[in-house]
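Structure record follows, encoded as structure tokens.
Bear in mind that the values in this text are calculations on the coordinates, not laboratory data. Keep in mind that what you see is a predicted model, and the values were worked out from it rather than measured. Please note: Cβ atoms are built from the backbone with ideal geometry, for glycine as well, and neighbour counts cover all protein chains shown.
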Amino acid sequence: MKKIIVISAPSGTGKSTLCEEIRRKKPQIKFSVSCTTRPKRDYEIEGVNYYFLTDDEFMEKVGNDEFVEYEEVHGYYYGTLKNILRDAIISEELMLFDVDVNGAMSIKKKYPKNTLTVFILPPSIEDLMIRLINRGTDSKEIINKRLERTNKEMKFKDKFDTFMINDDLSSAIEKLNEIITNQNKGVVYGS
Ligand code: ADP
Ligand code: 5GP
């Protein structure tokens, strides 16, 4: 059983929503709280969604070698803490990681035997755009920046152990739950 479950998706696909639902359904599954320099959204909670840091605080952690991986995404830094990943390895429970495609590849490379990588696709680019607009957290400029990165991210899809589409939310929650529970590699979870 792989204990590190790494989830990636283009921004707006719904991975935070899915991860939250999985956490609600299975409270025993832990979630890796990353550090970021991105401003906090109104509904986000410090220490639950992210540790929100200033650039200086983030760079201090880089200098102290506290990150197993970190990336610049959409103009901000995001990083996974080494101690959280170590906890996941020694823990009896599964741990979810919500990271970008580069972060997913780094974690898989470091812990190939313990890591299952899952890529989540939106039903279409139009749906993705609508989800980003409806989320109401980003300006038009930031939404465009997020959408521009989508093509590059989609190219990584086949490097993941499995992928699924987040079309109907409740079916997608079931699908992700099944992937995490059964860990069937090579199965395509389309909808
Ligand atoms: P991500 O973490 O991938 O950037 P979010 O989880 O923030 O994306 O979801 C983006 C928006 O899309 C949110 O407003 C969320 O409520 C909505 N959303 C998530 N999944 C679905 C779905 N299956 N159908 C419609 N809207 C969805
Ligand atoms: P958002 O700003 O929408 O929360 O996240 C933007 C992107 O950063 C998403 O693709 C998300 O998965 C990614 N991300 C979040 N935390 C980390 C992390 O610790 N490392 C990396 N590499 N990416 C992260």
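Say we join alpha carbon atoms closer than 10 Å with springs in a Gaussian network model of the chain; which of 102, 144, 177 then has the biggest fluctuation?
144
Just to confirm my numbers, what's the Cα centroid distance between segment 159-178 and segment 43-66 in Å?
Between the Cα centres of segment 159-178 and segment 43-66 lies a distance of 29 Å.
Assign unit charges at the C-beta atoms only (+1 for Lys and Arg, -1 for Asp and Glu), then state the dipole size of segment 63-165 relative to its Cα centre in Debye, rounded to the nearest 20.
Numbers: 16 positive and 18 negative charges, 61 e Å.
Roughly 300 debye, rounded to the nearest 20.
Would you mind telling me which residue in 155, 40, 30 has the biggest mean-square fluctuation in a Gaussian network model of the chain, where springs connect alpha carbons within a distance under 10 angstrom?
Taking springs between Cα atoms under 10 Å, the residue moving most is 155.
Given the options 121, 132, 162, identify the residue whose Cα lies farthest towards the positive end of the charge dipole of segment 4-183 (+1 on Cβ of Lys, Arg; -1 on Cβ of Asp, Glu).
Most positive-ward Cα: 162.
Using only Cα atoms, figure out Rg for segment 4-183 and give it as a multiple of 2.2 N^0.38 Å. Intermediate values should be presented prior to the final figure.
On the way: Rg = 15.5 Å, N = 180, 2.2 N^0.38 = 15.8 Å.
Computed over Cα atoms of segment 4-183, the ratio equals 0.98.
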